[in-house]
Amino acid sequence: MNKRTFLKQLGLGTGAALAFPTFFTGCEATPNEDFKLWVWTGGDDKTSEDWKQEFTKLKEAGFHGVLVGGGHNTLPTAIPEAKALGLEIHAWVWTMNQPGDKEAQAHPEWYAVSREGNSSLDVRPYVDYYQWLCPNKPEVQEYIFNKMMDICDLEGLDGVQLDYVRFCDVILPPGLWSKYDLVQDHEMPEYDFCYCDTCRDKFKAKSGYDPLDKEDPSQDEDWKQFRYDSISEVVNKIAVGVHERKKKLSASVFASPSLARKFVRQAWDDWDLDFVFPMIYYKMYDEPVEFVKTATREGVDALKGSKPLYTAQYLHDKNAEEVRQSIEMAKAGGSEGLAVFNYSLLSDEFLEVIKAAQKT
């Protein structure tokens with residue numbers, strides 16, 4: 001029995017383990033099964049043997065599950081190897097952002113439109129791979145749902161993990177402003193979505209006015225809520241299909257409920273998920289490592305015990321000590337696990353840090 005399990009049986013929360021004296025010496029060598037480890041990975045050209053080697057390494061390091069991208073090109077080869085080793089395997093799939101999707105591109109009217117009036121099919125905000133679909137068009141909802149169910153139906157798959165399940169970033173995390181030579185202290189029209197006829201008509205039918213009738217639509221709380229609800233509706237429809245298939249649904253989301261709403265219209269604490277991966281990439285927010293604790297705690301409090309929260313960390317901009325500190329802060333915030341992006345960045349040094357952290 002590990003220390004956190006022991007404390008739970010005493011009726012204490014998992015956070016108590018962080019401050020509890022470490023005199024349970026018999027527990028310290030046992031991996032903490034309550035603190036689950038996840039990793040994003042992929043690779044269309046990997047063979048069964050490649051996956052076996054990768055998953056064996058992860059299993060030996062104490063990982064619980066893998067989030068695998070690549071869809072039908074990857075998963076049929078990866079799934080049997082993950083299951084043989086007792087790893088959970090979930091399909092990592094992009095949702096509202098569909099760059100280069102030939103079927104979607106055959107329907108230009110499906111794409112989100114900025115407050116400036118530009119379609120993201122043609123005028124792509126920030127980066128070339130940003131091609132956002134409109135969540136309010138029934139045809140788009142059906143297309144995304146069917147796409148997710150096609151993946152979900154793969155035999156042996158444990159679940160679906162949604163990524164880019166939001167609107168385009170109306171405001172970037174502050175640590176990225178200099179990269180794009182921006183100061184986003186307000187919502188700029190070219191990054192503010194979606195103002196297509198479908199969205200505006202649907203909102204007007206509900207509220208009695210067109211958002212563009214407002215002098216500054218970005219300040220209209222009802223218009224903001226409408227867009228939060230638009231994404232929530234897409235997610236919760238997918239959830240019905242995934243759960244009907246007796247599988248799990250999760251999502252990688254922005255750092256905290258308040259920041260997710262502010263930056264990408266994402267009310268993820270309202271979603272019918274089985275667990276959630278907040279991407280608390282503190283350096284992107286130009287914050288110290290303690291931000292991991294505060295953002296994790298905000299998410300945990302918002303979820304009110306309805307589902308596990310696994311704090312996600314990006315490895316590319318960190319050293320081993322920063323990874324250790326991130327895990328410590330995630331635990332202090334009440335996280336039930338750690339997800340790392342991604343496997344290619346998971347050095348032996350990082351693996352040792354993560355393994356050690358799982359034993360406390």
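The values are calculated or read from the model by the stated rules, or taken from the named source; none is laboratory data. Computed from a prediction, not measured in an experiment: that's the story for all the values here. All Cβ positions, glycine included, derive from the backbone under ideal geometry; neighbour counts span all protein chains shown. Areas reflect the complete protein model, heavy atoms only, side chains present, ligands, DNA and RNA absent. Shrake-Rupley method; radii C 1.70, N 1.55, O 1.52, S 1.80 Å.
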What is the spin-label model distance, in nm, from Tyr126 to Met149 if the labels are put 7 Å beyond Cα along the C-beta direction?
3.1 nm
Over 31 Å between alpha carbons, listed pairs Lys36/Lys237; Lys283/Lys355; Lys147/Lys293; Lys46/Lys246
Lys147/Lys293
Surface accessible to a 1.4 Å probe, per residue, for the residues of the chain, Å²
43 Å²
At 0.692 mPa s and 37 °C, Stokes diffusion of the range 176-262 via Kirkwood alpha-carbon radius, µm² per second
213 µm²/s
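Tell me, Kirkwood radius of the chain from alpha-carbon pair distances, in Å?
Value: 21.4 Å, from the Cα pair sum.
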Quick one: Cα centre-to-centre distance for the range 120-174 and the range 319-360, in angstrom?
28 Å
If I model a spin label as a point 7 Å beyond the Cα along the Cα-Cβ vector, how far apart are those points for Lys262 and Glu290 in nm?
1.7 nm
The aspartates and glutamates whose Cα lies under 13 Å from the Cα of Lys307, excluding any fewer than 8 residues away in the same chain, are Asp269, Asp270, Asp272, Asp274, Glu336
Relative to the present Cα-Cα distance, how much length would full extension add between Ala320 and Asn73 at 0.36 nm per residue of separation?
85.6 nm
Using Cα pairs under 8 angstrom and six or more residues apart, how large is the relative contact order of the range 185-339, in percent?
17 percent
With Cα coordinates, the longest principal axis of the chain makes an angle with the long axis of helix 290-303, in degrees rounded to 10, of 70 degrees
With angles folded into 0 to 90 degrees, how steeply does helix 221-244 sit against the dominant principal axis of the chain? Use alpha carbons for both and round to 10.
50 degrees
Which whole-Hz couplings ³J(HN,Hα) result when phi for each residue of the range 147-164 is put into the Karplus expression 6.51 cos²θ - 1.76 cosθ + 1.60, θ = phi - 60°, listed in order with x for Gly and Pro?
5, 5, 5, 4, 6, 4, 6, 4, 5, x, 5, 8, x, 10, 10, 7, 10, 6
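Tell me the relative contact order for the chain as a rounded percent, counting alpha carbon contacts under 8 Å between residues six or more apart.
The normalised contact order for the chain reaches 18 percent.
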By how many degrees, between 0 and 90 and to the nearest 10, does the Cα long axis of helix 320-332 differ from the longest principal axis of the chain?
80 degrees
Roughly how many nanometres apart are two label points built 7 Å out from the Cα toward the Cβ at Glu349 and Glu142?
5.4 nm
Neighbourhood net charge (14 Å Cβ-Cβ; Lys/Arg +1, Asp/Glu -1) for Pro257
+4
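Between Asn236 and Ala302, what FRET efficiency comes out of the Förster formula 1/(1 + (r/R0)^6) with R0 = 22 Å and r the beta carbon distance, rounded to 0.05?
Computed FRET efficiency for Ala302 and Asn236: 0.85.
In whole percent, and with a 1.4 Å probe on the protein chains, what portion of the accessible area of the chain is carbon and sulfur?
Carbon and sulfur together cover 50 percent of it.
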Lys359's amide H: which non-local residues (gap 5+, or another chain) put their own amide H closer than 5 Å, with H modeled 1.01 Å from N in plane and none for Pro or chain starts?
Asn32
Contact order relative to length of the range 33-98, as percent, for alpha carbon pairs under 8 angstrom and 6 or more apart:
38 percent
